[in-house]
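The values are calculated or read from the model by the stated rules, or taken from the named source; none is laboratory data. Here the structure is a predicted model, which means the values were calculated and not measured. Cβ placement follows ideal geometry from the backbone for every residue including glycine, while neighbour counts extend to all protein chains displayed. These area figures cover heavy atoms from the full protein model, side chains too; ligands, DNA and RNA do not enter into them. Shrake-Rupley method; radii C 1.70, N 1.55, O 1.52, S 1.80 Å.
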Amino acid sequence: MRLPIGTVDVSASGGRMQLVGRRGEGWQQIAESPITLAEALIRLRRDRDLDAHADPLAHDSVASGEENAPRFRPGESILWRYDRYIEAVRVIRDDERALVVWIPSGSARLEAAPADGRRVRDVPVDERFSVPWRMQESTWRGPGVVRVAPTGMPWSLWFFRGADGSADGVYVNLELPHRRAVDDDGTGAVFTRDLVLDLWIDAEHVGTEDVWLKDADELVEAVQQGRFTPEQADAVRALADLAHERFIADGAWPLDEGWGMWVPDVEMDVPARLPESASIAAARARSGRTSGEG
């Protein structure tokens, strides 16, 4: 027997999630009112978005869809950057349609974490954006993951798999459209900003997969902490509705390209490492008394 729409649960990472629909069936609208993609992105634009990376390279970046945007070679190790969250990934494919990368198990990353040693999920949601933080190094745990970032779109799709290699589900991470740059040492990077709210498409019941809305409570708290205005938060919710409309409802690209079963060769599956660069050294040294500092 399947769970009823509206069921609330806790994700594997500890976040709150709610069952909001099934692929090919009804959809529970998330935003207060529908808006266009262009309007949503206008609402979400902030002058300080590039400043949040605390790296001059971000200000040299260009939108991924621009003719002069750098392109990355298959097998190349690049950085995927969400403000204070930096991951080393390997390029599978990069063309006009999308950037596709592989994150081998054990790949390096830098992330902002509570300075007192707690995990982010162990901090109550009403305190999560106000506690002191510092950067810490960690690695990607669990099986490797394919990520697809459609050019110019405010989301990326993460194709998770189980320990046996079978498809586990697809995480739709809502984020600003990517920008790109190449550092002086030749390391490529994509820059974006995480928008808190996400969707999870479960792999069971092929054709009518459950679709869960994740971290809606964190988005509410982000408004209360001043990270988003109420209008911006509803623009984020509208992006979730647009993702359903554009590719979730009918399983359209990039869900239909088989990335959940893609298998890397031995060389591609070597864990990606962070470069020993001035940019990464500066990122390692960042800290702040609240999420709004540092």
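What to note about this one:
- The range 105-234 shape via C-alpha gyration tensor axes, a/c threshold 1.5: rounded
- The largest accessible area among Val131, Val123, Val182 belongs to the first residue in Val182, Val131, Val123, and the rest follow in falling order (1.4 Å probe, all chains).
- For the range 103-120, Karplus couplings with θ = phi - 60° (6.51, -1.76, 1.60), whole Hz, Gly/Pro x: 10, x, 4, x, 5, 7, 7, 10, 8, 6, 9, x, 5, 7, x, 6, 6, 4
- Cα-based shape type of the range 1-152, given that a ≥ b ≥ c are square roots of the gyration tensor eigenvalues and the cut on a/c is 1.5: rounded
- Using only side-chain charges placed at the Cβ, +1 for Lys and Arg and -1 for Asp and Glu, the dipole size of the range 48-201 relative to its Cα centre rounds to 380 debye.
- In Å², nearest 10: area of Asp202 left accessible to a 1.4 Å probe: 40
- When you count the other C-beta atoms within 10 angstrom of each residue and take the mean per peptide, 46-55, 101-110 line up highest first as 101-110, 46-55.
- Bridge orientation summary for the chain: considering DSSP beta bridges with both residues in this region, about 95 percent are antiparallel.
- Here the Kirkwood formula, the inverse mean of 1/r across different C-alpha pairs, assigns the chain a hydrodynamic radius of 19.7 Å.
- For the range 256-292, GluC sites (Glu not before Pro) meeting the loop criterion (DSSP other than H, G, I, E, B) and having at most 12 other Cβ atoms within 10 Å: Glu267, Glu276.
- The loop-placed GluC sites (Glu not before Pro) in the range 85-174, going by DSSP, that have at most 15 neighbouring Cβ atoms within 10 Å of their Cβ come out as Glu96, Glu127.
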